[in-house]
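Novice: Below are the structure tokens for one structure; questions will follow.
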Amino acid sequence: MIIELGHFALILALMVALVQSTLPLWGAHRSDARLMALAAPAALMQLGLVAVAFAVLTWAFVASDFSLAVVTSNSHTDKPLLYKISGVWGNHEGSLLLWVLILSAYGAAVAVWGGNLPERLRARVLAVQGMIGVAFLLFMLLTSNPFWRLVTPPLNGEDLNALLQDPGLAFHPPFLYLGYVGLSMAFSFAVAALIEGRVDAAWGRWVRPWTLAAWIFLTIGIGLGSWWAYYELGWGGFWFWDPVENASFMPWLLAIALLHSSIVVEKRESLKSWTILLAIMAFGFSLIGTFIVRSGVITSVAGR
């Protein structure tokens, strides 16, 4: 019954994201305050529903519910609690759910603390965030559903990759994803600005804190990955050529450029087109990094 609740919450989250991505955008186009006002509660509702799904999956790992395929493949009854919990995102399906949870949390943050934004811009930013949520929720539900059940559950699981059972790797992915997904806010602000045809000093001031937060989280994530690689793999130099780890370095560099460029927009109102391009490219490289990490196209030294 609890597992069905998680799956149902994801379906409801998709429906809410569809509302968030369409009606407020149409309301901004038509100057309809009632439709624009739907953006904030939809973002908060989406966060609540995805949080329920994530909590259900976490419970399944902690309780060793091997009726779920993802738990069977990535957990074991004798595993310490920390690695049972980190097993939630130590796999393709669970990491996508974490991605969507963080995405909805950023949208909810704009809904709660974005009261200083113009009504139209706020509605459009949240609508773009909703579109991203729709894409990821659809992909997850259709191809990578973490709540897929096994017909005959085994008595025990296959356990998580031994290299991933480490404190550095337990906290590394969440921080990395906080950085990856944080750049979606810069992307949403950029797309909203393109729709409005307005990029000015105020826009640069609004987008800068989100970019700074994403860059800080990416820095922490890359630092934790480096620390783990140093003491776990040795200093043979192989890690520096690991494509999975280096995939996170590209959006980090673009985030630095975007951060400085947004300051120029705020102070001098120049480099506007360049800042918009950097915002789109930074999130684009975050998507590429996420794809490389979880698609299996390229294998990491850690076997992720």
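Novice: Scan segment 123-141 and report the pairs whose first residue is assigned by TED's automatic domain parsing to the domain that holds Ala17 and under 14 Å from Thr290 (Cβ atoms) and whose second residue is buried (at least 24 other Cβ atoms within 10 Å of the Cβ) and of a type in the set (Ser, Thr, Tyr), with Cβ atoms within less than 7 Å and a gap of 6+ or a chain change.
Specialist: Ile132/Ser184
Novice: Given the criteria among the small types (Gly, Ala, Ser), surrounded by 17 or more Cβ atoms within 10 Å (Cβ to Cβ), outside the structural domain of Trp26 (by TED's automatic domain parsing) and under 16 Å from the mean Cα position of the chain (by Cα), does Gly182 qualify?
Specialist: yes
Novice: Also, quick follow-up: Can you find a residue in segment 102-112 that is in a helix (DSSP H, G or I) and either among the basic types (Lys, Arg) or at pLDDT below 90 (or both)?
Specialist: Scanning segment 102-112 turns up no residue that is in a helix (DSSP H, G or I) and either among the basic types (Lys, Arg) or at pLDDT below 90 (or both).
Novice: Okay, moving on. Please pick out the residue among Pro209, Pro146, Pro154 that is modelled with pLDDT under 95, loosely packed, with under 15 Cβ neighbours inside 10 Å and not in a helix (DSSP H, G or I).
Specialist: Pro154
Novice: Taking the options Ala55, Ala40, name whichever one is in a helix (DSSP H, G or I) and over 23 Å from Phe139 (Cβ atoms).
Specialist: Result: Ala40 is the single residue among Ala55, Ala40 that is in a helix (DSSP H, G or I) and over 23 Å from Phe139 (Cβ atoms).
So that you can scan it fast, the table gives a plain yes or no per residue for (1) within 16 Å of Ala201 (Cα to Cα); (2) at pLDDT below 85; (3) surrounded by fewer than 19 Cβ atoms within 10 Å (Cβ to Cβ):
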{"position": "Gly234", "(1), (2), (3)": "no, yes, yes"}
{"position": "Phe238", "(1), (2), (3)": "no, yes, yes"}
{"position": "Asp242", "(1), (2), (3)": "no, yes, yes"}
{"position": "Ser248", "(1), (2), (3)": "no, yes, no"}
{"position": "Leu258", "(1), (2), (3)": "yes, no, no"}
{"position": "Lys267", "(1), (2), (3)": "yes, no, yes"}
{"position": "Gly284", "(1), (2), (3)": "no, no, yes"}
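Novice: Being without any contact (Cβ under 8 Å) to a residue 40 or more places away in the chain and under 21 Å from Ile3 (Cβ atoms) is the requirement here; does Val100 meet it?
Specialist: Spelling it out, it is not the case that Val100 is without any contact (Cβ under 8 Å) to a residue 40 or more places away in the chain and under 21 Å from Ile3 (Cβ atoms).
Novice: Still on this structure, please answer the following. For segment 56-67, name all the residues that are in contact (Cβ under 8 Å) with a residue 40 or more places away in the chain and either on the phi > 0 side of the Ramachandran plot or under 23 Å from the mean Cα position of the chain (by Cα) (or both).
Specialist: Val56, Leu57, Trp59, Ala60, Ser64
The values are calculated or read from the model by the stated rules, or taken from the named source; none is laboratory data. Note that the structure is a prediction, hence the values are computed from the model and not measured. Cβ sites come from the backbone with ideal geometry, for glycine too, and all protein chains shown count toward neighbours.
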